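Scroll down for the structure; my scribbles are underneath it.
The values are calculated or read from the model by the stated rules, or taken from the named source; none is laboratory data. Source: prediction; values computed, not measured. Glycine also receives a Cβ, built like all others from the backbone with ideal geometry; neighbour counts cover every protein chain displayed. Heads up: the accessible areas ignore ligands, DNA and RNA and are worked out on the full protein's heavy atoms, side chains in. Shrake-Rupley method; radii C 1.70, N 1.55, O 1.52, S 1.80 Å.
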Amino acid sequence: MIFMKKKVTGFIRKIKKRIFFALKNPFTYLFILISILLVVATFIVHGSEPYHPDGEVTNWRDAIWHSVVAVVAAYYDYYMKTVPGRLASLGLLLLGMAFWTIVLGKITESIMSVQDKNNKGLKKLKRMKGHFILCGWRKDYEDILEAVVNSNGDITNDMIVLVNNGPLEEIERVRSDSRFRGMKFVSGDFSDADTLKRAFIGTASRVLIISDHSGGTSEMEIDSRTVLSVLTMKNLNPKVYIAAELLSEKFQEQLRMAHCDEIILTTEYEHSLLATASSGQGYSNVIKALISDDSDSGVVIEGIAARFYGTEYRNLSLHYETKSKGSEILVGIFPPGSEPILTPKDDYVIPEKAKAVIIRAREAEIENA
């Protein structure tokens, strides 16, 4: 009984709330005025036309029909013979014009509002699951986005959500590019929980955070935002795989403590690449070939069949040598939660959920071999 009483009280409260909001809307009073004028004009037509010898409106049904057609279609189904009837008919015609002007204006305003929100990244997205989120903005954003698309053959454009505070005109230009058409955009601070919820972080599968230069801040502030973002994301979705870019190694330990799955130290990689190039041995060309935008060639990390868990490394190596016929080479094991082990000993026991690190040739290279 108490439950039913609370339910009825809640229903009445909702009705009162809707009535209150309706009374605050000026269009409510406008439609009430239009309804009153429509009724008055109908009464005038019915009160004058039936008494004219040549009057075409003879009953309430004709009068109501005339009013509806005059307002909705701006058309006279009956010709008025009396002066009051003609004035009322003219009023109905003007009333209909005003009515449709308001309605079409509201429809256009709604469409423009939706389009504007979509362009500004404020439109509410449809629920997504298993999607990819790219957070952050910088000048070479377009190149990064192209590399992401090429390296993730398992996701389509409509499964990619861009989250940043970059220049809206630049974002719109990128999204209009045929290579990136269909991608979703959420405008806002990607370290903010509400912004991440709008991007459905709770059901996302992977996230890439690039160093964000949209605010023109220092390296320390950029890396601090990255750490805060990872903490927030892992709190909202502990299972999501996060790869984050750092400008300085000072925050590397904080990212590890935040359970970031993959840490990219851009500056460190740049220095290492420059150092190897200085040797004059062509190491940079080899690295470029190994780190390919093509997700199916170069260094590839892939899952291992469950039957190899608990067996020795030599068995998996022989399996790849037999099945690939030289097109791919097993070079190491990536145990879960630790660093990859390159060329382990033959008697190394493969742990559960480990992945294989292989070097795979491009199809064109295999055909030309």
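What the table below lists for this structure:
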item	result
Meets criteria (closer than 17 Å to LEU90 by Cα, among the β-branched types (Val, Ile, Thr) and in contact with a Pro (Cβ under 9 Å, 6 or more places away or on another chain)) for VAL57	yes
Number of positions in segment 32-46 that are over 13 Å from SER89 (Cα atoms) and either open to solvent by less than 40 Å² (accessible area, probe 1.4 Å) or among the small types (Gly, Ala, Ser) (or both)	2
Residue match in segment 31-39 (condition: modelled with pLDDT under 80, under 42 Å from the mean Cα position of the chain (by Cα) and within 24 Å of ALA98 (Cβ to Cβ))	yes
Unique match (being open to solvent by less than 70 Å² (accessible area, probe 1.4 Å) and at pLDDT 80 or above) among ALA275, ALA305, ALA361	ALA305
Every residue from segment 79-115 that is under 51 Å from the mean Cα position of the chain (by Cα) and among the basic types (Lys, Arg)	LYS106
Residue list for segment 223-246, restricted to those being surrounded by fewer than 17 Cβ atoms within 10 Å (Cβ to Cβ) and under 20 Å from THR266 (Cα atoms)	SER224, LEU228, TYR241, ALA243
Subset of segment 341-358 that is within 15 Å of HIS319 (Cβ to Cβ), in contact with a Ser or Thr (Cβ under 9 Å, 6 or more places away or on another chain) and among the hydrophobic types (A, V, I, L, M, F, W, C) - its residue that is modelled with the highest pLDDT	ILE350
All positions within segment 322-351 that are within 14 Å of ILE304 (Cβ to Cβ) and more than 38 Å from the chain's Cα centre (by Cα)	LYS323, PRO344, TYR348, VAL349, ILE350
Number of the condition not met by VAL186 [criteria: (1) farther than 21 Å from SER151 by Cα; (2) within 14 Å of the chain's Cα centre (by Cα); (3) open to solvent by 60 Å² or more (accessible area, probe 1.4 Å); (4) not hydroxyl-bearing (Ser, Thr, Tyr)]	(3)
Checklist (1) closer than 21 Å to ARG127 by Cα; (2) open to solvent by less than 70 Å² (accessible area, probe 1.4 Å); (3) touching a residue at least 60 places away in the same chain (Cβ under 8 Å) applied to ARG198, failing item	(2)
Tally, over segment 170-205, of residues that are under 19 Å from LEU228 (Cβ atoms) and not in a loop (DSSP other than H, G, I, E, B)	10
Which numbered condition MET220 misses (of (1) open to solvent by less than 40 Å² (accessible area, probe 1.4 Å); (2) closer than 20 Å to SER248 by Cβ)	(1)
Enumeration of residues in segment 94-113 that are surrounded by 15 or more Cβ atoms within 10 Å (Cβ to Cβ) and free of Cβ contacts under 8 Å to residues at least 40 places away in the same chain	GLY96
2 or more residues at pLDDT below 80 and under 30 Å from ALA243 (Cα atoms): qualifying helices (runs of 4 or more DSSP H) within segment 54-169	83-119
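Let's see how each residue does on (1) open to solvent by less than 60 Å² (accessible area, probe 1.4 Å); (2) in a strand (DSSP E or B); (3) under 29 Å from ILE263 (Cβ atoms):
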site	(1), (2), (3)
ASN315	no, no, no
HIS319	yes, no, no
THR322	no, no, no
LEU330	yes, yes, yes
ASP346	no, no, no
